[in-house]
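Written below as structure tokens is the structure these notes are about.
The values are calculated or read from the model by the stated rules, or taken from the named source; none is laboratory data. Predicted model only: the values in this text are computed from it and were never measured. For neighbour counting, all protein chains shown are included, and Cβ atoms are generated from backbone atoms with ideal geometry for every residue, glycine included. Areas reflect the complete protein model, heavy atoms only, side chains present, ligands, DNA and RNA absent. Shrake-Rupley method; radii C 1.70, N 1.55, O 1.52, S 1.80 Å.
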Amino acid sequence: MTPLVAIRDVRKRFGSFEALKGVSLDVTAGQVLCLIGASGSGKTTLLRCVNQLAEIDSGGIWLDGELLGLRADNGRLHRLSEAQIAKQRLKTGMVFQRFNLFAHMTALQNITEGPVQVQRRRPAEVTEEAMDLLRRVGLADKAASYPSELSGGQQQRVAIARALAMRPKLMLFDEPTSALDPELVGEVLAVMRELASTGMTMMVVTHELGFAREVADRVVYMDAGAIVEAGTPTEVLETPREPRTQAFLSAVIRR
Amino acid sequence: MSTHPTLAPGFPDLANLPAARRMHWGRWLAAAAIVAALALLGRAFAAGQIEWPYVARFLTVPVILDGIRNTVIMAVLAMALGIVLGVAIAVMRLSPNPVLKSVAAGYTWLFRGTPLILQLLLWFNLALVFPILGIPGLWSGRAVDIMTPFLSALLGLGINQGAYTSEVMRAGILSVDTGQYEAAQTIGMGRLLALRRIILPQAMRVVLPPLGNEFIGMVKATSLASVIQYPEVLHNAENIYYANSRVIELLIVAGLWYLLVVSILTPLQMLLERRFARGTTRIGK
């Protein structure tokens, strides 16, 4: 079976800092993959490359069989136009650490904006679907609320609904609970757990090892811009083989 | 049983003391000084060589009313042109395209770097450079007929305003968190759609106070168009005092009209600001 996401030898540098030093990774459809590692290890950068918010320097990323950001033509690589990249992005949904809800729109408008303005779907049908999504994340009564009137956990759940409204094939989560007060983490993880149970393919950058252990099909530990260890949650989190993974895990658990 | 600890001896029980009224001596003194100064100023103007009945009589003569109407029309149209150009230039300035970027920077440099009155005179005298204006093969006309005082003033004021407005707009766009643009990208928006739907509406909140400032500046800047014969209120007031020599009286008439127009603009701006404050926290309301 061809993987939904195929990442091959991806390199990315910011100035003199090498954020990704040749990363290769497959994600099969329906899989939940958790990326763990210290900050600066490159896991967020990898996620942003999959969504083309960051441009890779070399290597290639294929999503659903399609090369991202580039087109091979007459033996040469051409960069895709902005419009073509925007179209490729429709296959992925992104959830940010800082939520990034549109501050001037209500929860409902945040969710309907993309389907109506970008996908040009019928507003009535989109609104109905958006209300279903709000119900699904437990916020049907907050449809008319602005982001500033919602708690962090509520904002993040709206953000997940906003991403799902585009009907993506792959959901990317960039530390979705890191900016939340501890008592609000659970409600967001519950929504993600439910989403995983529906068979959505997910790449999750997280520090929530409990979530990774329970929900992930595969856990990848990154350090210094490279994948150190990858495997089932039990393999990576319970019986890590690499000394660096062991050191990271014991530091996190002792905290 | 009281939960309050009993007071140690030597500490008075503050709860039973009445609050004393504070005397703001400084405020009384300042107010008295200002009232005295205003009284002296008022007496000076009353005794000065100003025929106040003339002010009252000329305040509403048709020529002055025409003038203030032309002033308001020009201010609104030139500001509209300025905002359209300003948004376009700001967006060009922030575009990744180096050609658009330098065109925008050049525009701001040129029109902000020369005096407005000089630009008005150049537009008005365009016929000296290009006697015939037009699009080759399609249409043409004599520049003296095309560059009327109205069009010269509109272009001069509007294009100059565009240079200033572009900087206000750029500041507004930059004030919006980059996460908003990234979120717009992740739902498949291109640069222009994201600007129109996500960035500019949020920039408006930041941009409105300085834009109100610019508009008030524009109302007054239209008076410069008097030098190119545009019949706005100052120009018409001048025409009257050339005939009757009531210079100060007519200048006061024009001044009162400017004050009135600007006074109406301020509450309008507040209404607009409230409209664009949607979704912001209610702190400070």
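Observations, loosely collected:
- By the Stokes-Einstein formula, at 0.890 mPa s and 25 °C, the range B:54-276 with its Kirkwood radius over alpha-carbon pairs has D equal to 126 µm²/s.
- Residue among B:Met74, B:Met169, B:Met270 with the largest mean-square fluctuation in a Gaussian network model of chain B, springs linking Cα atoms under 10 Å: B:Met270
- Residue-count net charge about A:Thr28 - beta-carbon cut-off 13 Å; Lys, Arg +1, Asp, Glu -1: -1
- Protection proxy ranking of A:160-167, B:125-132, B:27-34 - average other beta-carbon atoms within 10 Å, highest first: A:160-167, B:125-132, B:27-34
- Summing +1 for each Lys or Arg and -1 for each Asp or Glu among the other residues whose beta-carbon sits under 14 angstrom from that of A:Gly225 gives +3.
- Overall, the range B:54-276 carries a charge dipole of about 400 debye about its Cα centre when +1 sits on the Cβ of Lys and Arg and -1 on the Cβ of Asp and Glu, all other atoms neutral.
- Under a Gaussian network description of chain B, with springs only between Cα atoms under 10 Å, the residue in B:Thr222, B:Thr60, B:Thr165 that fluctuates furthest is B:Thr60.
- Burial ranking of peptide ranges A:103-114, A:185-196, A:148-159, B:38-49 (average Cβ count within 10 Å, highest at the top): A:103-114, A:148-159, A:185-196, B:38-49
- The mean sequence separation of alpha-carbon pairs under 8 Å and at least six residues apart, normalised by the residue count of the range A:70-189, gives a relative contact order of 37 percent.
- The distance separating the Cα centre of the range A:77-144 from that of the range B:68-114 comes to 33 Å.
- Take each residue in A:99-109, count the other chain C-beta atoms within 10 Å of its C-beta, and the mean is 5.
- Charge tally in the Cβ shell below 11 Å around A:Leu47, where Lys, Arg are +1 and Asp, Glu are -1, A:Leu47 excluded: 0
- Each of B:Trp52 and B:Leu193 was given a label point 7 Å from its Cα along the Cα-to-Cβ line. The distance between the two points is 6.5 nm.
- The modelled label-to-label distance for the pair B:Asn16/B:Ala36, using points 7 Å beyond Cα in the direction of Cβ, is 4.6 nm.
- Extension gain from A:Arg213 to A:Ala251, taking 0.36 nm per residue of separation minus the Cα-Cα distance: 12.0 nm
- Label-reachable residues, the range A:188-223, where backbone N falls under 13 Å from a point 7 Å from A:Ala29's Cα toward its Cβ: A:199-201
- Evaluated at q = 0.09, 0.10, 0.12 Å⁻¹: base-10 log I(q)/I(0), Debye formula over Cα of chain A: -0.41, -0.50, -0.72
- Kyte-Doolittle at least 1.6, axis length at least 15 Å by Cα - qualifying DSSP helices, chain B: B:62-93
- Rounded to the nearest 0.05, the FRET efficiency derived from the C-beta distance between B:Thr178 and A:Phe17 at R0 = 25 Å is 0.85.
- Projected-area mean, the range B:1-106, by convex hull of Cα positions, square nanometres: 21.8
- Kirkwood-based shape ratio for the range A:1-114, expressed as Rg/Rh from alpha carbons: 0.99
- Inter-probe distance in nm under a simple model that places probes 7 Å from Cα toward Cβ, at A:Ser178 and A:Arg122: 4.2
- 3J(HN,Hα) from dihedral phi, the range A:244-253, Karplus parametrisation 6.51/-1.76/1.60, rounded to Hz, x for glycine, proline: 5, 4, 4, 5, 4, 5, 5, 5, 5, 6
- Fully extended contour minus Cα-Cα distance, from B:Ser140 to B:Asp66, at 0.36 nm per residue: 23.5 nm
- Probe 1.4 Å, accessible area per residue of the protein assembly as shown, Å²: 53
- Within chain A, helix-based [θ] at 222 nm, where runs of 4 or more DSSP H residues each add -39,500 (n - 2.57), nearest 500: -10000 deg cm²/dmol
- Start at zero, step by 10 Å, and the Cα-Cα distances of the range B:234-285 spread as 21, 28, 19, 15, 12, 5 percent across the bins.
- Computed from the C-beta positions of A:Arg135 and A:Thr239, the FRET efficiency with R₀ = 41 Å rounds to 0.50.
- Springs join every pair of Cα atoms under 10 Å in this Gaussian network model of chain B, and among B:Gly106, B:Gly26, B:Gly86 the largest mean-square fluctuation is at B:Gly26.
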